[in-house]
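The values are calculated or read from the model by the stated rules, or taken from the named source; none is laboratory data. Owing to the predicted nature of the structure, the values given are computational and were not obtained by experimental measurement. Neighbour counts are summed over all protein chains in view; Cβ atoms, including those assigned to glycine, are modelled from backbone coordinates with ideal geometry.
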């Protein structure tokens, strides 16, 4: 699939006629250009179909006039035959435009959707912090759909009504110009009707849509707060409120229905007025032998045919407006800057794992103060570095800078002695196994979640990794063992289980750098101990940086960095740090020692009573 | 790899609209007799006026023009104008009444679903993602709405038009009619054939789209993980594959239409041509008037438009039907027991003694690993009891059991001597006032969040409690999402005041005071206790400073009572409590 939509395609598309014709809209112009050939053929068949539409009334006219003139039956049979032929050709055209235009429409839907999703995968994590999932999903659905509809239905309706408004009046004026003028006269009111209703329908439609979002939000609220609602036994009141909102929604919908339901019949009425005039004027002309009866009948058929294109013109305007608004919403995303994937010069292909921070200061875009200040340390392969600090001290931020989720000032982070910017992002991230505190698992089997980062790897042993991650016991409790489906659609794992699956997933890719961001927070003390033991084995030659607020997780680290409000306030090994009286670390330690003490005590109590 | 895991199969169980659901829907429809009757009346009126038009033109030709009766032509012209007014008017009213009908029906159904959701037991909420339930409430009712206002009306109108036209042309000239509709059996055969195909491909398309969306949502949520493991290309390839299949499915539906539309055109061409040939022959022989022939061909042409529409609307109808099926499916989910009973004897228990007794209570969420083990405990009327213990000791479970969010696995709990299971659940819950750890806020003002839309005005109690915290609450503040514009003090006040306003017999405090410092917290509780001296209090606490003021402290460990007594007694005992106390003190120093 091509990704032409998202790469600014230079002056070419912007200079094209199509670009100007669709109101300088890049996405619409791109799509129409891409499918210009089938669209052209489609429009051509549509035009041909509209020309054919002229003939059936003419044939009817000829037949009636032939009957009146007492012509032989063979002539009438000939007209009937022509009638069949015209309809046969019409049928072929109807097939043709559908195949050409509707297919282009579906294909453009596919293309926009694919490009949009591709773009999402290329956007940096910052983007997803700012944009809500609901909004992105509605772009991928509603907005893609209205762009697609313009390329299909919108174009069809527009072209159909334009062609019709040319062919049918031409035929009418050719038959009898004066009568045609009379019949068409009331239709001059149509543009005013359209103008009058357009704005009203649009604003009422929007009001109803907006209220629908409110109704959904309130439904969501009542379900999220169900515990409170039940505890307070206020189901009745919540229901009453929801009912009231539903009523308001009904009222808005009916307001919309009133204008929408009047618009169609009114259009129909004005066009049909022409028929009333025809009835008077046409009869007079037939009686005075100015025209034949057949002509009058043909005129009637033509006038009836004009109802549709009049209304269709209105539809095509709203198709266009919706598509325009939607493509603008999509472009907001397409215009976002991608992650910088590759350096200007090809960097090293392999990473051995020395991570160095050189006086790094970091501030989140738009934030008022630095999240990290003067961070300086080196983590060598085969060593463990631990980050300790309370919530908000900067541990997660620091770890997130290494895989470049956020961009550190250039040169402030080095890997194997080279600035991190010199590495290809793919190679960099493949060399890092990152486990976050609240890891995300996908709707796949447990086994597939484990091999997620490298499904083709056959050298690794799944059994061993599952054992090392202390998942063996959990597998026994899962309905289908390692084939159990996880994620949104599957089994809900506990926080600790999720963390351990994520650890297995990280080990599987066998990366030289391991980053554990408070990964063991939901794991109990015994399992933690075993995991730490396994970690020691698994990462003997690797660079391990882990953050935790549990002393037990960090006490054996080769260096411990104590973070406080974004700065390293203390560093050293455990035995040195606890000796510093009244330091942050020794206070943590003291506090947790007591807690652990208690835990052990409770353990012994529990063991005695159960 | 396909995205099959993302398809919620139960949502696409049936390919055919089920008869049971259809009957249920029709019942709903007949609930709105007035609008249904009016709507149908106007449909008949508009259909009749549309039906009469060709006949009128036939009359103009035969009796007016050919007989040169100008007066008749003028009368018929005026009549035609009147007919147009009637047609336009009845179309307007028809649209309005059917919209009204659809909206009222949808409101009823929406409320039914809402009501049902409110009555589902909490254990159902634990299992089901909230998003799926919301979809039922909003999207499914919307697509049913579309089915009614767009699908149903058009189907009904078209059906009437087709049947009416057929009858009328047979009345006009049955021989000619018979010859003209010779092609109909073919058309009907193919209509059925194509709609069957449409139904299947339509279902496939919907399934594929729902999988695409589920996959996309998951990948947006887990984007960091995708990017960290460099899985973008693979994930994108999976998306593209299904996207392509989705596109092919859509193409397949279009293909069906593409065959169907020319077929209708051909049939209509053949029908009209036959009528022209046969009718023309008869007209020459003088057996048929020109007006009749014109009218006849008019009818034949207009017969095919509703058939075309009919097939078009079929998918709207189907999508509405599958939504209806999901909605009715949900309405069959089991609700909390005796939720249906009204809250009649509410005051009986709320004025009771306020005594709670746990008798050999054991409870396990999954039925296997007990969180509460054989708990025996009596809480005297107006006693103030604190529960402490480390995480997982079963403290919060006690509250869930008292509120009957879950039934005990064995044993029983008595309120004023009556088994909880025997008290209507909402009546029971009205006895308790729960102060939660996380304050859930609804959209609306702080005042509305305190009164929770109750009938009474907020009493002046709020000033006393606010005074204890030392804040000036902004009662008319419009709350942001999750109440993020509330101050910590206001948040705390809200959680207490909301309960205090209900004047419950028994207070349940679930780790209530995490927002404010211990001094303020102490003042707030003192104020609360002095106002509600004649009330029973159960408090679960992390911070021991909070429970010190209670009459009795229960130390829970692994679902059992480990120690019990006043603060002083427990300190003297030197057990778990004493150690907890030491940790607590340490924590307060370092935080």
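Descriptive notes on the structure:
- Unmet criterion (only one of (1) in a helix (DSSP H, G or I); (2) more than 14 Å from chain A (Cβ to nearest Cβ); (3) under 30 Å from residue B:364 (Cβ atoms)) for residue B:495: (2)
- Pair list, Cβ < 8 Å and 6+ apart or interchain, from the stretch A:113-133 residues that are assigned by TED's automatic domain parsing to the domain that holds residue A:401 to residues that are modelled with pLDDT under 85 and crowded, with 18+ Cβ neighbours inside 10 Å: none
- The one condition in (1) in the same structural domain as residue A:551 (by TED's automatic domain parsing); (2) under 35 Å from the mean Cα position of the chain (by Cα); (3) touching a residue at least 40 places away in the same chain (Cβ under 8 Å) that residue A:377 fails to fulfil: (2)
- Helices (runs of 4 or more DSSP H) wholly inside the stretch A:54-123 containing at least 2 residues that are within 48 Å of the chain's Cα centre (by Cα), surrounded by fewer than 22 Cβ atoms within 10 Å (Cβ to Cβ) and at the interface with chain B (Cβ under 9 Å from one of its Cβ atoms): A:73-97, A:103-122
- Some residue of the stretch B:377-391 being within 37 Å of the chain's Cα centre (by Cα) and exposed (fewer than 15 other Cβ atoms within 10 Å of the Cβ): yes
- Scanning the stretch A:398-409 turns up no residue that is in a strand (DSSP E or B), outside the structural domain of residue A:127 (by TED's automatic domain parsing) and surrounded by 17 or more Cβ atoms within 10 Å (Cβ to Cβ).
- Residue check for residue B:242: in contact (Cβ under 8 Å) with a residue 12 or more places away in the chain, assigned to a helix (DSSP H, G or I) and over 45 Å from the mean Cα position of the chain (by Cα): no
- Residues of the stretch A:370-403 classified as more than 13 Å from residue A:571 (Cβ to Cβ) and in contact with a strand residue (DSSP E or B) (Cβ under 9 Å, 6 or more places away or on another chain), total: 21
Let's see how each residue does on (1) farther than 29 Å from residue A:406 by Cα; (2) out of contact with any helix residue (DSSP H, G or I) (no Cβ under 6 Å at 6 or more places or on another chain):
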residue: A:86; (1), (2): yes, no
residue: A:100; (1), (2): yes, no
residue: A:112; (1), (2): no, no
residue: A:125; (1), (2): no, no
residue: A:162; (1), (2): yes, yes
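- Among the candidates A:177, A:189, A:159, the residue that is more than 14 Å from chain B (Cβ to nearest Cβ) and surrounded by fewer than 18 Cβ atoms within 10 Å (Cβ to Cβ) is uniquely A:177.
- Count of the stretch A:221-250 residues, restricted to those that are more than 7 Å from chain B (Cβ to nearest Cβ) and either touching a residue at least 24 places away in the same chain (Cβ under 8 Å) or touching a strand residue (DSSP E or B) at 6+ places or on another chain (Cβ under 6 Å) (or both), is 3.
- Only one entry of A:391, A:427 meets the criterion of being surrounded by fewer than 19 Cβ atoms within 10 Å (Cβ to Cβ), modelled with pLDDT under 85, over 26 Å from the mean Cα position of the chain (by Cα) and within 12 Å of another protein chain (Cβ to nearest Cβ), and that entry is A:391.
- Filter result for residue B:142 (at pLDDT below 85 and assigned to a helix (DSSP H, G or I)): yes
- Residue in the stretch A:126-135 that is out of contact with any strand residue (DSSP E or B) (no Cβ under 9 Å at 6 or more places or on another chain), at the interface with chain B (Cβ under 7 Å from one of its Cβ atoms) and either in a helix (DSSP H, G or I) or under 26 Å from residue A:159 (Cβ atoms) (or both) present: yes
- Of the listed requirements (1) in a helix (DSSP H, G or I); (2) surrounded by fewer than 20 Cβ atoms within 10 Å (Cβ to Cβ); (3) modelled with pLDDT under 85, residue B:577 misses just one: (2).
- Members of the stretch A:256-272 that are over 16 Å from residue A:198 (Cβ atoms) and more than 7 Å from chain B (Cβ to nearest Cβ): A:271
- Condition met for residue B:458 (more than 36 Å from the chain's Cα centre (by Cα) and not in a helix (DSSP H, G or I)): no
- Being closer than 18 Å to residue A:173 by Cα, free of Cβ contacts under 8 Å to residues at least 60 places away in the same chain, out of contact with any strand residue (DSSP E or B) (no Cβ under 6 Å at 6 or more places or on another chain) and in the same structural domain as residue A:190 (by TED's automatic domain parsing) holds for only one residue in A:275, A:279, and it is A:279.
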